[in-house]
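The values are calculated or read from the model by the stated rules, or taken from the named source; none is laboratory data. Bear in mind that the values here come from a model prediction, so they are computed numbers and not experimental data. Methodologically, a virtual Cβ is constructed for each residue, glycine included, from the backbone with ideal geometry; neighbour enumeration extends over all protein chains shown.
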Amino acid sequence: MPNIIYEKIEGISKITINRPEVLNAVDDITLIELEKCLEDSKKDENIRSIIITGSGRAFCVGVDLKYVKSFLEKGEKFPYGDMLRKYFHRVILSIISLPKPVIASINGVVAGAGLGIAFACDYKIASNKARFVEAFINVGLVPDSGSVYFLLKSISLPKVMEFVTLGGEIDANEAFRLGLINKLVEHEKLEEETIQIAKKYAEMPTKAIGLTKKLIYYTYHKSLEEVLEYEAYLQEIAGSTEDHIEGLKAFLEKRKPVFKGK
């Protein structure tokens, strides 16, 4: 895959958007490749956690504007709606629904639809050189790829309004203070720290994590009564897994559990 580097190491898959010459801006081909990697990581029982990152000095800056320009030069209107529905939405929903932990390793600038990809991940670790940029308004567009949805789950409405309508930028320290990311590290330590987190997740009960993800996103929208019932439903599933039995035995035997993701 020319635009993606896909690696598997000791139960971890690493997906690197590899278009550093355009700050990892993406086109339809790149998004198709990204979705294929996510699907493969989902199906591979040996993969227990997933890392998404970018090469060079950016994580992802959204759609490649040169790709947009190529349509305009042909006298065609760029199909923003179709691009979102066919490609970006599929990637975002793949990350959310993937029954394994997905880690965003944010190595630099993240902008536009790249924000949606980063925020959709379950755990966000960022370099101190990371910058979060809402640039849609600067080119006469509205935020897409779920970025406003995720922002409103983390920070206040006034702050979101300011950020998206003034074309704002949030540095790594401010992002950590606001709760947009889980961990902030020195740039030189980002890869090492990311691998440590991925390894820790890879040792966890994978199926229970997948069910917990379902529960968290279900809880966003439902009443307490509905959530309580859904919890009971998911707990029945989690309670029948091998990892639950191992966890229970390990607790009673006062030892560290060895989870297999089953």
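For the reader, a short list of remarks on this structure follows.
- Conditions (1) at negative phi; (2) modelled with pLDDT of 95 or more: number failed by residue 66: (2)
- Flag for residue 206 being β-branched (Val, Ile, Thr) and touching a residue at least 40 places away in the same chain (Cβ under 8 Å): yes
- Those residues of the stretch 117-139 which are over 20 Å from residue 187 (Cα atoms), of a type in the set (Gly, Ala, Ser) and either in a strand (DSSP E or B) or out of contact with any helix residue (DSSP H, G or I) (no Cβ under 9 Å at 6 or more places or on another chain) (or both), in sequence order: 135
- Some residue of the stretch 150-169 being more than 29 Å from residue 135 (Cβ to Cβ), under 19 Å from the mean Cα position of the chain (by Cα) and without any contact (Cβ under 8 Å) to a residue 12 or more places away in the chain: no
Residue-by-condition table, conditions (1) surrounded by 15 or more Cβ atoms within 10 Å (Cβ to Cβ); (2) among the β-branched types (Val, Ile, Thr):
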position	(1), (2)
182	yes, no
194	yes, yes
202	yes, no
209	yes, yes
223	no, no
234	yes, no
248	no, no
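- Lone unmet requirement of (1) in contact (Cβ under 8 Å) with a residue 40 or more places away in the chain; (2) in contact with a helix residue (DSSP H, G or I) (Cβ under 6 Å, 6 or more places away or on another chain); (3) among the aromatic types (Phe, Trp, Tyr) for residue 230: (1)
- Scan of the stretch 44-83 for residues that are crowded, with 18+ Cβ neighbours inside 10 Å and not in a loop (DSSP other than H, G, I, E, B), ordered by number: 49, 50, 51, 52, 53, 54, 58, 59, 60, 63, 83
- Per the conditions (1) outside the structural domain of residue 58 (by TED's automatic domain parsing); (2) closer than 30 Å to residue 54 by Cβ; (3) surrounded by fewer than 16 Cβ atoms within 10 Å (Cβ to Cβ); (4) more than 20 Å from the chain's Cα centre (by Cα), the sole criterion not satisfied by residue 188 is (1).
- Residues that are more than 26 Å from residue 11 (Cα to Cα) and charged (D, E, K, R), drawn from the stretch 219-253: 222, 225, 226, 229, 231, 236, 253
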